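Okay, so here's the structure we're looking at.
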Amino acid sequence: MKILIVEDDENILSLLKRGFQEEEYIIDSADDGEDAEYLATSNSYDVIILDWMLPKKSGIEILTSIRQKNIKTPVIMLTARTEIDDKIKGLDYGADDYMAKPFSFKELNARVKALYRRSLSLVSNKIDIKDIIINIDAKSVTKDNIELELSQKEYELLLFLAKNKNKLVSNSMIEEQLWNNEEYINSNVIQVTIYNLRKKLGKEFIKSSRGLGYKIEV
Amino acid sequence: MKFKSLKTQVLVWFGGVTTILFLIFNITFYKFLEENIKLTIQNKLYNKSVYINDQLKTGIHIKDLLKDKKVESFEIAIVKDDKIIFKKGHADFPKLATFIKDKKTFFVFTQGDRQNGLFIFKIYEPFKGAILFYERNIDKEINNKLREVKNSLFVSEPILLLFLIFAASKLIDKILKPIKNITKTANAISVTDLSRTIKQPNSDDEIKQLVDAFNKMINRLHNEVEQIEQFNSDVSHELKTPLTVIKGEIEITLNKKRESDYYERTLNIIDKEAYQIQQIIDNLLMLTKYTKSNIQQTFELISLDSLLLTTIENYNIQLKEKGIKINLNILESIDIKGNQQLISIIFSNLIDNAIKYSKNNKDINIQLYKSDKIYFIIRDEGIGIEKEQLSKVMNRFYRVDESRNKKIKGFGLGLSLVKNSVELHNATIKFESIKDEGTIVKVIF
């Protein structure tokens with residue numbers, strides 16, 4: 001799962017990044033409104049955590065702008081404001097959830113997961129494809145009820161392909177989904193990950209069309 | 001009896017006073033009318049007496065005279081030695097003796113329900129005696145008129161009084177209507193809803209002034225409450241940020257077993273954030289600690305120049321880091337009576353701001369001198385403040401950047417502490433600033 005964290009307080013941003021990294025999410029972050037808007041509109045995220053008061057552009061402005069561009073990424077607003085009116089305003093402008101500071105990290109994490117599940121239109125936290133079951137909360141994958149050992153990138157790639165089943169997913173889409181803005185990517189790395197996944201899931205599980213990308217067919 | 005409503009009070013007073021005035025008027029008018037009638041009767045009777053006298057002088061016998069047509073309608077009695085020796089008509093004279101003994105020639109007496117006049121014509125030669133006479137019905141018309149006036153007054157006046165009270169009641173309602181509106185609005189106003197105002201009446205009178213004053217008061221309250229709300233929201237924001245960090249760090253740290261370095265790092269962060277919270281609370285308490293009434297007791301003789309120099313020394317590290325030079329253009333030796341802690345707050349916050357908002361390698365110029373008053377002037381070449389924000393910089397927690405950009409540290413309490421300290425010393429503070437060119441702050445003691 002790839003998330004964007006927008007928070008101008010460096011201490012809060014730092015702890016959120018550390019916390020979500022330990023959850024093995026792929027994280028982009030911004031500490032002002034303009035950067036946040038740029039990232040949110042040029043990349044695709046599974047969830048955006050958005051602070052209300054930001055330099056240059058407020059959270060509400062960013063929210064308005066991305067919803068106008070028809071970006072439907074779930075957004076969870078983070079703010080020190082606790083007035084009911086503010087909550088309503090945030091939700092009215094297209095936020096999907098709202099957390100008031102000081103919040104519990106565990107609760108925030110649980111809500112981020114819930115939003116993610118909802119965005120996948122999943123009722124449960126499991127995705128079944130053929131003989132493979134992906135458990136999103138536990139981040140585990142089983143084949144014929146035997147748990148498979150997957151690396152973080154392998155898991156994320158499988159999840160991404162599963163989410164887009166029957167659709168062709170290009171290298172650049174994978175790159176954008178699996179790595180954050182600052183990471184350097186070796187051109188081989190996607191190929192290697194696919195190779196490893198096929199070894200664990202079965203050769204025919206992921207189809208490839210040369211030069212165009214990959215897909216899971218059901 | 002106590003009347004609660006203003007309207008009832010006014011009506012009772014108004015009705016009472018009007019009734020008394022009517023009564024006084026009636027009595028006076030009636031007396032006057034009565035006098036007038038008496039005089040009229042007296043005149044008429046006198047004219048008759050003159051005629052009788054003239055006739056008698058011609059030597060006519062009194063019995064013949066009585067047959068005269070002009071005297072025919074008279075009720076007459078002739079008295080000799082206090083006894084009636086002749087009587088014509090129904091003449092019935094009460095208190096006859098009194099009339100005769102009295103020197104007056106005209107009396108008024110009541111006959112039945114009417115007033116009547118009696119004329120006494122005294123004859124001395126050759127017949128010693130008196131002729132008493134009055135004219136029957138002479139008074140009838142007049143008496144009727146008197147009764148009519150009496151009746152009409154007693155009927156019309158209560159009607160007039162009722163009408164007046166009715167009109168007064170309507171007038172009072174008209175006057176009280178805006179007051180009722182004020183009451184209604186005042187009842188509807190609460191701290192959570194100060195947006196209401198009272199509708200202005202069309203008139204330009206005392207009620208309008210009252211409504212104006214009331215609306216202005218609501219407006220002032222509205223602003224005050226808004227400021228307090230803003231302040232509360234700011235305080236909670238400032239306190240919630242470090243609390244969020246503390247809570248989050250603890251949760252994440254406890255999530256799994258860590259190296260001891262990690263625990264140390266977390267505890268250091270918590271320590272720093274707790275210190276921030278303490279700073280905010282200390283500053284808030286400082287803002288409310290001194291008032292104009294208790295500040296005088298803390299005043300002592302302070303050397304401003306040495307306090308300024310000590311303060312500047314405290315900023316040596318920050319100055320070196322940014323390569324900023326402080327020029328003391330004028331530094332006079334000045335002693336002043338004041339609170340050392342607060343004056344130090346003024347100096348340190350203004351210097352701190354000048355450093356924070358200056359770019360690297362710029363100069364800060366400071367002047368401290370005495371002419372008519374004591375001037376402390378600090379000029380920086382920093383980012384400056386926009387015009388519309390100049391008036392707000394001293395509000396509590398106000399920071400030029402709404403997001404409270406954390407790249408420049410501070411809570412936004414500094415300048416409100418400065419403002420508070422300046423006011424407690426009866427001094428003034430002025431800001432002049434040009435965006436991107438710098439700011440001049442003048443404190444005048």
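Summary table
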| read-out | value |
| --- | --- |
| Relative contact order %, segment A:126-215, counting alpha carbon pairs below 8 Å whose residues are six or more apart | 26 |
| Rounded to 5, percent antiparallel among DSSP beta bridges of the protein assembly as shown | 75 |
| Net charge dipole size for segment B:206-289 [Lys, Arg +1 and Asp, Glu -1 on Cβ; Debye, nearest 20] | 140 |
| Length released on extending from B:Gln200 to B:Asn329, taking residue separation times 0.36 nm less the Cα-Cα span | 40.7 nm |
| Modelled FRET efficiency - R0 30 Å, B:Lys370 with B:Lys216, Cβ distances, 0.05 increments | 0.15 |
| Segment A:Glu147-A:Glu24, extension gain: residue separation times 0.36 nm, minus the distance between their alpha carbons | 42.4 nm |
| Normalised contact order of chain B, rounded percent, pairs of Cα under 8 Å and 6 or more residues apart | 9 |
| Amide N proximity, segment A:133-157 versus A:Asn196 label position 7 Å along Cα-to-Cβ, cut-off under 18 Å | A:139-143, A:147-157 |
| Radius of gyration, Dmax [chain A; alpha carbons; angstrom] | 18.0, 55 |
| Calculated [θ] (222 nm, deg cm²/dmol) that DSSP helices of n ≥ 4 give over chain A, each run adding -39,500 (n - 2.57) | -12500 deg cm²/dmol |
| Calculated P(r) tail over 19 Å for segment B:142-233, as whole % of Cα pairs | 62 |
| Global form of segment B:206-289, assessed from the alpha-carbon gyration tensor, a/c cut-off 1.5 | prolate |
| Proximal aspartates and glutamates relative to B:Lys63, as straight alpha-carbon distance under 18 Å, when same-chain residues fewer than 8 apart are discounted | B:Asp54, B:Glu72, B:Glu75, B:Glu125, B:Glu135 |
| Distance between modelled label sites at B:Glu229 and B:Asn268, nm, 7 Å Cα→Cβ extension | 4.3 |
| Total charge dipole magnitude, segment A:2-119, about the Cα centre, Cβ charges on Lys, Arg, Asp, Glu only, Debye to nearest 20 | 520 |
| Approximate spin-label separation A:Asp137-A:Asn188, in nm, with each point projected 7 Å along Cα-to-Cβ | 4.0 |
| Crossing angle, helix B:260-289 versus chain B [Cα axis fit, 0-90 degrees, rounded to tens] | 30 |
| Reachable aspartates and glutamates from A:Lys106, criterion Cα separation under 16 angstrom, eight or more residues apart if same chain | A:Glu22, A:Glu23, A:Glu24, A:Asp97, A:Asp137, B:Glu249, B:Glu251 |
| Mean-position separation - Cα centroids, segment B:274-331 and segment A:155-218, in angstrom | 61 |
| Segment B:256-346: C-alpha gyration tensor shape, a/c 1.5 cut-off, then a/b vs b/c | oblate |
| Convex hull of Cα atoms in chain B, direction-averaged projection (nm²) | 45.9 |
| Segment B:226-332: trypsin sites (Lys or Arg not before Pro) falling in loop per DSSP and having at most 11 other Cβ within 10 Å | B:Lys256, B:Lys257 |
| Listed residue pairs exceeding 27 Å between alpha carbons, taken from A:Lys57/B:Lys325; B:Lys184/B:Lys392; A:Lys139/B:Lys272; B:Lys240/B:Lys419 | A:Lys57/B:Lys325; B:Lys184/B:Lys392; A:Lys139/B:Lys272 |
| Selected from B:Ala213, B:Ala186, B:Ala130 as most flexible by GNM, with chain B as the system and alpha-carbon contacts under 10 Å | B:Ala130 |
| Modelled FRET efficiency - R0 30 Å, B:Lys80 with B:Asn43, Cβ distances, 0.05 increments | 0.60 |
| Reciprocal of mean inverse Cα separation for the protein assembly as shown (Kirkwood radius, Å) | 36.2 |
| Helix-only mean residue ellipticity at 222 nm for chain B, each DSSP H run of n ≥ 4 adding -39500 (n - 2.57), per residue, nearest 500 | -19000 deg cm²/dmol |
| Coil-residue chymotrypsin sites (Phe, Trp or Tyr not before Pro) of segment A:135-218, DSSP, other Cβ within 10 Å capped at 15 | A:Tyr184 |
| Theoretical FRET efficiency, 1/(1+(r/R0)^6), r = Cβ-Cβ of B:Lys122 and B:Asn151, R0 41 Å, to 0.05 | 0.60 |
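Quick note: the coordinates plus some simple rules give every number you see, no bench work behind them. All values derive from a computational prediction rather than experimental measurement. Neighbour counts are summed over all protein chains in view; Cβ atoms, including those assigned to glycine, are modelled from backbone coordinates with ideal geometry.
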